[in-house]
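Encoded as structure tokens, the structure appears first; notes follow it.
The values are calculated or read from the model by the stated rules, or taken from the named source; none is laboratory data. What you see is a predicted model, and the numbers here were worked out from it, not measured in a lab. Every residue, glycine among them, receives a Cβ derived from its backbone with ideal geometry; neighbour counts consider all protein chains shown. For accessibility, only protein heavy atoms count, side chains too; no ligands or nucleic acids. Shrake-Rupley method; radii C 1.70, N 1.55, O 1.52, S 1.80 Å.
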Amino acid sequence: IEMHRSNFHDELSFLLLEGVIAELPEDESKDTTDTELGHVYRSMLREFLNWPLAKIRTEQFMESLPPSFLQEKALVLGRVGSHEDALRILYRDLKSLDLALEYCDDRFARQKAKQEAIRMRHQSSNIALPGPDPTGTLQVKQEDNAYLPLVRVALESDDTERGTEAAIKVLALRRSAIDRAAALRLLPSDVPVSAVARPFLIPALVDSESQVRRMTVVSALLRSRYLRLKEKLTEAQLKAQANIHVVPALRSLNLGDPLHSTMSFRARTTSSTPSSTMPYVEIVKHFFPRHL
């Protein structure tokens, strides 16, 4: 079944690629714009290459890609885990930080979905996992973080000033999804703190403080709800344990419903052990509007 699926996916990817190539103008040096149909083919091809469940033989497909298909090449490299190489194409060759960020966003979303699936699977198995990320995002190891490779690629730029600005921009735009300490360690030592403080450090600190306050409020609300539920549970247990309707003597007095009933307790006796003359006596107090 797996082989048939791979063959089918390979055939589909090549058909989409042929559709794009067939719609290209004869002289690509003059016009590189896709036709309307070519744009449809290219969009479907990129979507298919970006689909995590696609079973494509990447080496064979890479050999068939024309040199001008840079974004498609980046997606194929991403499929085999060469994320920095893919980001070099998007950021350097295509000169697009937006495409590079979009690539990282897709990868981050998949990481988060995978982490959530693992958490749900463990919860269904009653296996304890660490608590949720306090920032509300997926925090992964430095080598697996979706955005740190883009920071490294930007800093490798020939234009040092432009690369540093791009790296700081990535930190600022995705500060809630990046390991902040690891990201700061990537920045060159000669970058002044003032260049990072306003776009990244100060908003990150504000976000952290805001998250702490929100978590504190949520914790207090959950604690209050827990206490209310516990109180209702206790009242229900007392009512169930002290149901006067099963006591004929009380039922015949027509006292109505009790206002409150205590839990049963054992009356004190002079002896530590029960006997025929002094048995253990369980007492329940029933409070009525005018009677006890």
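The helices (runs of 4 or more DSSP H) found entirely in segment 1-118 that carry 3 or more residues being open to solvent by 90 Å² or more (accessible area, probe 1.4 Å) and either farther than 30 Å from Asp159 by Cα or in contact with a strand residue (DSSP E or B) (Cβ under 9 Å, 6 or more places away or on another chain) (or both) are 2-22, 36-49, 58-64. With respect to the stated conditions, Glu143 fails to be open to solvent by 50 Å² or more (accessible area, probe 1.4 Å) and modelled with pLDDT of 90 or more.
Yes/no matrix, rows are residues, columns are (1) in a helix (DSSP H, G or I); (2) farther than 26 Å from Leu292 by Cβ; (3) modelled with pLDDT of 70 or more; (4) touching a Leu at 6+ places or on another chain (Cβ under 9 Å):
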residue	(1), (2), (3), (4)
Ala220	yes, yes, yes, no
Ser224	yes, yes, yes, no
Leu233	yes, no, yes, no
Leu238	yes, no, no, no
Leu253	no, no, yes, no
Thr269	no, no, no, no
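Scanning segment 273-292 for residues that are open to solvent by 100 Å² or more (accessible area, probe 1.4 Å), in a loop (DSSP other than H, G, I, E, B) and farther than 19 Å from Glu235 by Cβ returns Ser276, Thr277, Arg290, His291.
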